[in-house]
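Structure, as structure tokens:
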Amino acid sequence: MNFEELNLHPTLQAGITACGYQTPTPIQEQAIPTALLGRDLMGLAQTGTGKTAAFVLPLLHQLLALPRGKVQALVVAPTRELAEQIHIEIGKLGKNTGLRSVSVYGGVSKQGQLKAFRAGVEIVVACPGRLLDHLGERAVNLSQVKHLVLDEADHMFDMGFLPTIRKILQHLPKQRQTLLFSATMPAEIRRLAGEILTDPATVQVARQAPTATVAHVLYQVEQPGKAALLRDLMQQAEISSALIFTRTKHKARSLATQLSKAGHSATSLQGNLSQSQRTRAMSGFKEGRFKIMVATDIAARGIDISAISHVINYDMPDSVEAYIHRTGRTGRAASSGTAFTLAGREDGPMISRIEKSLGQPMLRKPSAG
Ligand code: ADP
Ligand code: MG
């Protein structure tokens with residue numbers, strides 16, 4: 001299938017081409033026709049499957065037929081980076097539509113956001129907390145919203161946002177289209193979906209991308225040996241960019257410092273950074289000024305960096321889901337990637353569960369250099 005067959009408004013084709021998209025991904029192929037019918041939708045697919053365009057394209061298509069100058073669509077996302085990415089994708093895909101969007105999140109001044117509201121945007125892409133602030137101050141009017149998207153609903157639940165989201169929903173008309181996207185379907189999200197979706201269509205993409213394009217390599221090493229092993233691993237020439245995961249913010253920062261001292265260009269992304277520090281770390285890594293980024297799961301959530309050659313689990317993830325999510329950052333689309341996992345004896349049970357989910361054993365390599 002190609003994008004033309006989706007019968008999107010012709011003005012969107014320029015944006016699709018500008019993004020370099022040639023064929024819709026499976027979730028796009030399934031979600032776009034359904035969403036274009038105006039139906040509510042639940043989209044289940046893991047990270048990296050192209051969910052953003054799966055909702056942005058039908059959103060833009062439908063907004064082209066609506067009056068300008070009022071907020072007609074609201075997208076809610078769990079993190080600032082994700083809100084920013086969605087806003088950027090709207091800008092690219094909608095470049096010839098004249099539709100305007102604003103990203104709204106905390107940690108930055110409200111001024112720019114207020115200015116955009118006053119200028120009259122059609123799309124608001126927001127993190128829950130700051131949006132509820134604006135609503136409390138009557139700075140934004142959501143009473144004309146026709147389309148609502150909740151992206152990464154499972155992460156919003158993990159981060160404790162569901163009560164805030166329920167409050168936000170009180171400011172929206174009941175009569176609207178709602179699209180809900182999630183990588184997993186815990187009971188709380190199922191319940192939320194039952195409350196806010198009307199006769200939804202479900203589109204689901206099987207979870208299989210990681211095994212297909214990612215090599216999963218296991219190093220058995222206890223905690224004290226990890227730093228030396230990592231330094232050895234980082235000598236490998238084929239590592240063009242590595243995202244390293246640690247359990248704590250503190251470890252993320254200290255490991256990045258250690259790696260910098262060892263002569264690598266490394267940065268860290270963790271919850272203690274200011275917004276401008278986060279932006280600098282992210283763009284530095286994306287643009288290749290840093291080869292290594294050390295991050296915690298929370299800090300790295302939803303971030304789309306497509307050219308990561310290696311994901312390194314310096315500390316074990318605490319669930320199979322988290323492993324799949326972390327390693328889904330490499331081997332995206334056509335390129336292949338490698339995931340290194342540094343695991344000690346006590347990590348044995350988690351390794352077994354991950355291998356079961358992968359449907360194959362990890363490649364075991366000796367850790368002594
Ligand atoms: P998700 O939200 O499911 O994690 P994204 O929407 O962030 O996925 O997309 C993941 C990556 O795939 C992005 O780099 C995006 O630009 C790219 N992508 C999305 N749709 C397509 C497509 N149809 N063809 C090629 N690349 C695509
Ligand atoms: Mg996404």
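The values are calculated or read from the model by the stated rules, or taken from the named source; none is laboratory data. Here the structure is a predicted model, which means the values were calculated and not measured. Note that we place each Cβ from the backbone using ideal geometry, even for glycine, and neighbour counts take in every protein chain shown. These area figures cover heavy atoms from the full protein model, side chains too; ligands, DNA and RNA do not enter into them. Shrake-Rupley method; radii C 1.70, N 1.55, O 1.52, S 1.80 Å.
Once the chain from L66 to Q170 is taken as fully extended at 0.36 nm per residue, the excess over their C-alpha distance is 35.2 nm. Within the accessible area of the chain, what % is carbon and sulfur when the probe is 1.4 Å and the other protein chains stay in place? For the chain, the apolar C and S fraction of the accessible surface comes to 51 percent. For the stretch 172-177, 3J(HN,Hα) computed residue by residue from phi via the Karplus equation (6.51, -1.76, 1.60; θ = phi - 60°) reads 9, x, 5, 7, 6, 9 Hz, glycine and proline entered as x.
Only residues of the stretch 216-252 count here: report those whose backbone N is under 11 Å from the spot 7 Å along Cα→Cβ of E346, or say none. Counting backbone N atoms under 11 Å from the label point, the list is 223. Between the residues L162, F55, G38, the greatest Cα displacement towards the positive end of the dipole of the chain, with unit charges on the Cβ of Lys, Arg, Asp and Glu, is found for L162. Between N141 and C19, the contour length at 0.36 nm per residue exceeds the alpha carbon distance by 40.8 nm. Rounded to the nearest 20 debye, the dipole magnitude of the stretch 214-365 is 380 debye, with +1 charges on Lys and Arg beta carbons, -1 on Asp and Glu beta carbons, and the Cα centre as origin. Accessible area per residue for the chain is 43 Å², calculated with a 1.4 Å probe on protein heavy atoms, without ligands, DNA or RNA. Seen against the Cα atoms of the chain and their longest principal axis, helix 275-286 is set at about 70 degrees.
Placing unit charges on the Cβ atoms of the charged side chains and taking the dipole of the chain about its Cα centre, the candidate lying farthest along the positive direction among P186, I86, T338 is I86. The stretch between M1 and D133 holds 43.2 nm of extra length on full extension. This uses 0.36 nm per residue minus the Cα-Cα distance.
Could you check which residue among T178, T257, T341 shows the biggest mean-square fluctuation in a GNM of the chain with a 10 Å Cα cutoff? Residue with maximal mean-square fluctuation among T178, T257, T341: T257.
Per-residue ellipticity at 222 nm computed for the chain from its helices equals -12000 deg cm²/dmol, with DSSP H segments shorter than 4 residues left out and the rest contributing -39,500 (n - 2.57).
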